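Here's the structure, in structure tokens; my notes come after.
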Amino acid sequence: MSGAEVIGSGSPNRSAPSPALLVGTMSVVALTVAVLQTGVVPILGVMARQLDASTVEVSWTVTANLLAAAATTPLISRLADLNIKKHVLLLVLAVVLAGSLLAAMTESLPLLIAARVLQGASFSLYPIAVSILREELPTDRLMGAMAVLSGVLGFGGGMGLVITGLLIRGDAGYQRTFWFTAVFLVLVICAVVVVVPRRPRLTVGSVDWAGAVGLAVGLSLVLLAVTQGGIWGWSSIRTVGSAVAGPAALGLWWWWERRCPRPLVSTVMLTRRPILMTNIATIAVGMGLYFGFLGLTTFVQTPTASGYGFGASVLKASVVFLLPGAFAGFLAALVSGRYIDRFGAQRVLLVGTTIGSAGFAILTVAHSAVWQVIIAGVLINTYISLAYGALPALVVREVEPAETGVATSVNAIARTVGASTAAALVAVLLSRNGTGFPPESSYTIVFGLGAVMALTAFLLIALSRPRLRDIKTIEEITESRAMNHEWG
């Protein structure tokens, strides 16, 4: 039994925007999530130098952001399912804006970390946007719209790296990145106010606060072990304790959710074969994202004195090596919806993972020339955009409208877990040796793991057996129930 039930279709919205305008606005919202997630990665060294802090201390700006995302995304998504989604969306955007302004104005590391905690709420923007599209769009437009939205999320990860490279040049302060996100968020808020309709809440239910706390604690402990293990030491008490306590807390959470009359997340939904396989595949795709972005960015910036690499500056790495891939990802995001509508999300995802495997394979065996790296980056970004477009479509097809927000939030958390795991692996594999540079073989392993993850996602989706039923809107479900009641 889910924690929310459909109560009606609400009053008709006479000023509803065109589907294209609504999809465009929600895509910009998704772009916000991606830019905030990856934009800070290239400037960790800049922040450490300008804040006179160690790399370990500055790494908490990433870790705290991920922990906040894991703790809040499912809860905020449930609150959006139970309330007016436009209001919840604007509230989250306001919190993220406050975080961006704080980060832009502070020169204190503790305050910067606090700002990144506030920005962690941005991860819930995507599930809310998907829920809004499901409420407002006709069924024949929904899958294509979701594919564009999700594809933009994947393409935005690359754009975050490019934008940071363009902003941080010379002795520019790291605050430039956060001023950019603050201005961007103001524009997004204005667009949401004008475009997104205010539909009355369509579901009733309650929030499983105990489940929300249990899930937040369990995920946070797991992510702590993954992200901080290399810093604390993999055999340290803190790492081992988090690695043991996290799964234990998640086990208790699972026990509670199975017995709770209105759970935060339906365990029946999570264990359904297509949902389970899709979420595991999402972890693999999330790992591929960071194997590609982190591995590629670090590789091209490595000085040529290492015997490999290109010694690229942040700006050159962004414009020469990353921008072509980001543009390819953008084009893939635009066309993915059309292909998903025509061929189905499963087939598109299988093609995408094949493309990604080829891209990572090229990087694994050939990365000495600029053109080789650029072509591989184009293929990897195309893969990420297609996969990000297809995965949520597979999830939404399996759930009822009242479960859309929390189901897509779990899928988003799976992506976060994958990205965090890959980031930790990359940090371990690219640790410097006696020459001051990681051995070239470490990059070969990173890129090889990217290919393995793409193939893993391929196999999982091929075996998932998703349902091929049509997606129903809330209005259609309400009308069907009314007819059944009338005939019964």
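The values are calculated or read from the model by the stated rules, or taken from the named source; none is laboratory data. Being a predicted model, the structure only gives us computed values, none of them experimental. Note: ideal-geometry Cβ built from the backbone for every residue, glycine included; neighbour counts use all protein chains shown.
Below is a table of values for the structure above.
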read-out: Region 44-61, residues that are crowded, with 19+ Cβ neighbours inside 10 Å and within 22 Å of the chain's Cα centre (by Cα); value: 58, 59, 60, 61
read-out: Residue ranges of helices (runs of 4 or more DSSP H) in region 231-314 with at least 3 members over 27 Å from residue 38 (Cβ atoms) and of a type in the set (A, V, I, L, M, F, W, C); value: 237-259, 267-271
read-out: Any hit, region 273-280, residues being in contact with a Lys or Arg (Cβ under 7 Å, 6 or more places away or on another chain), within 27 Å of residue 449 (Cβ to Cβ) and surrounded by fewer than 19 Cβ atoms within 10 Å (Cβ to Cβ); value: yes
read-out: Residue in region 315-337 that is under 19 Å from the mean Cα position of the chain (by Cα), surrounded by 19 or more Cβ atoms within 10 Å (Cβ to Cβ) and either of a type in the set (Ser, Thr, Tyr) or not in a helix (DSSP H, G or I) (or both) present; value: yes
read-out: Candidate set from region 81-117 (those that are of a type in the set (Val, Ile, Thr) and in a helix (DSSP H, G or I)); member that is nearest to residue 131 (Cα to Cα); value: 88
read-out: Boolean, residue 387 is within 20 Å of the chain's Cα centre (by Cα), assigned by TED's automatic domain parsing to the domain that holds residue 74 and within 29 Å of residue 83 (Cα to Cα); value: no
read-out: Which listed residue is closer than 23 Å to residue 405 by Cα, in contact (Cβ under 8 Å) with a residue 24 or more places away in the chain and in contact with a helix residue (DSSP H, G or I) (Cβ under 8 Å, 6 or more places away or on another chain), from 76, 43; value: 76
read-out: Residue 423, sole failed condition from (1) part of a helix (DSSP H, G or I); (2) surrounded by fewer than 19 Cβ atoms within 10 Å (Cβ to Cβ); (3) not acidic (Asp, Glu); value: (2)
read-out: Number of positions in region 160-180 that are surrounded by 24 or more Cβ atoms within 10 Å (Cβ to Cβ), part of a helix (DSSP H, G or I) and either aromatic (Phe, Trp, Tyr) or under 17 Å from the mean Cα position of the chain (by Cα) (or both); value: 3
read-out: Filter result for residue 195 (surrounded by fewer than 23 Cβ atoms within 10 Å (Cβ to Cβ) and not small (Gly, Ala, Ser)); value: yes
